[in-house]
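> My structure is below; once you've seen it, I'll send some questions.
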Amino acid sequence: MLKFGVLLVLLGFGVATEAQEFPARPIRVIVASGPAGGTDLTGRNVAKTMSDLLRHPVHVENRPGAGSTTGTDYAARATPDGYTLLVSSGSSMVMNPILYKDLPYEPLRDFVAVGFIAAYPFVLITRADLPASNLPDFVKYAKEHPGKLTYASPGVGTVQHVWGAILFKSLGLDLLHVPFKAAAAGHQEMLGGRIDTMFDNLSANRQYIEAGRMKGLVVSTPRRAAQLPNVPTVNETGLAKFEGESWMGMFAPVKTPPATVRTLREIFVKVSQDVDFNTRIGNAGGYVMNIPPQQQQQFLRQEIERWGKLIKQYGVAAD
């Protein structure tokens, strides 16, 4: 009996030690889009800071495809042990659930938020030689060439696709949507003069705008972006009303043990308070979000409801 009791104590100690030692092996951060896009850049910022703070390997793994569905579903089905996490944008967690009724995952059901990372403005960019340097000129040119201008996105159902469709329809424009597998592919086609415009994350395009290789016409936020102070907001132009911030969050499979989720959230708090991390996010045009754990599911639910109404109003579809 004594031996059995000692065994139970030792087993209990082993379980407790294992929990306390999390993470005990490398952590994978799934990004459901291709390299060099806004979500990828944010995911790599988070992974680097986590790795530096923990002195432990944290690796990013890109799994693009099907408008971010492929990587998101992969993360939802991963072993819920805290070692496979997802860095996701509103594409996966908001747009896809609204546009697709047969998704293999459901954000509010299949994931638990570890923390919302950062929010960024979108900027309407055009190829450098497009004969328009502001939104009024762009609207005039597009109306003179109905159905001739193209706008890129990293896939049907992504924020770039949906927000672009909403913005252009609210302006009364007829543009052709050209989806790619990653935002970077759209950028390259625009740099080559084969795509006319894209409504995309400022963090991924600021370098091109500042170098004069693309034009930035308007930003999506209520106030101008500090990194592009000469670019007005959509609302400032008086041509349409549009407000949105592209956010990224870190999520774990919903059945991840509560103790592990708490540990991950504690790690995430340290990440969000890291000076270098805040500087990198700020330099990219964003800001670090601070949504308490008890409000995170509510935030996600409100985003789904808000954009669901706009998608219905403007008739945006995934086909």
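The values are calculated or read from the model by the stated rules, or taken from the named source; none is laboratory data. What you see is a predicted model; the values in this text were computed from it and never measured. Glycine also receives a Cβ, built like all others from the backbone with ideal geometry; neighbour counts cover every protein chain displayed.
> If I go through the range 55-93 residue by residue, how many of them are assigned to a helix (DSSP H, G or I) and touching a helix residue (DSSP H, G or I) at 6+ places or on another chain (Cβ under 7 Å)?
So the answer is 9.
> Are any of the residues in the range 227-236 at pLDDT 95 or above and surrounded by 24 or more Cβ atoms within 10 Å (Cβ to Cβ)?
Yes, some residue in the range 227-236 is at pLDDT 95 or above and surrounded by 24 or more Cβ atoms within 10 Å (Cβ to Cβ).
> Looking at the range 54-67, which of the residues that are modelled with pLDDT under 95 and among the aliphatic types (A, V, I, L, M) is surrounded by the fewest Cβ atoms within 10 Å (Cβ to Cβ)?
Ranking the candidates gives Leu54 first.
> Take the residues in the range 293-319 that are within 17 Å of the chain's Cα centre (by Cα) and of a type in the set (S, T, N, Q), then tell me which one is surrounded by the fewest Cβ atoms within 10 Å (Cβ to Cβ).
Among them, the one singled out is Gln302.
> Just name the residue that is surrounded by the fewest Cβ atoms within 10 Å (Cβ to Cβ) out of those in the range 268-292 that are assigned to a loop (DSSP other than H, G, I, E, B) and of a type in the set (A, V, I, L, M, F, W, C).
Step by step, filter the range 268-292, then rank; the result is Ile291.
> Looking at this structure, is Val271 among the aliphatic types (A, V, I, L, M) and not assigned by TED's automatic domain parsing to the domain that holds Leu85?
no
> Based on this model, can you work out whether His177 counts as buried (at least 19 other Cβ atoms within 10 Å of the Cβ) and within 25 Å of the chain's Cα centre (by Cα)? Before the answer, list the steps.
Details: buried (at least 19 other Cβ atoms within 10 Å of the Cβ): no; within 25 Å of the chain's Cα centre (by Cα): yes.
It is false that His177 is buried (at least 19 other Cβ atoms within 10 Å of the Cβ) and within 25 Å of the chain's Cα centre (by Cα).
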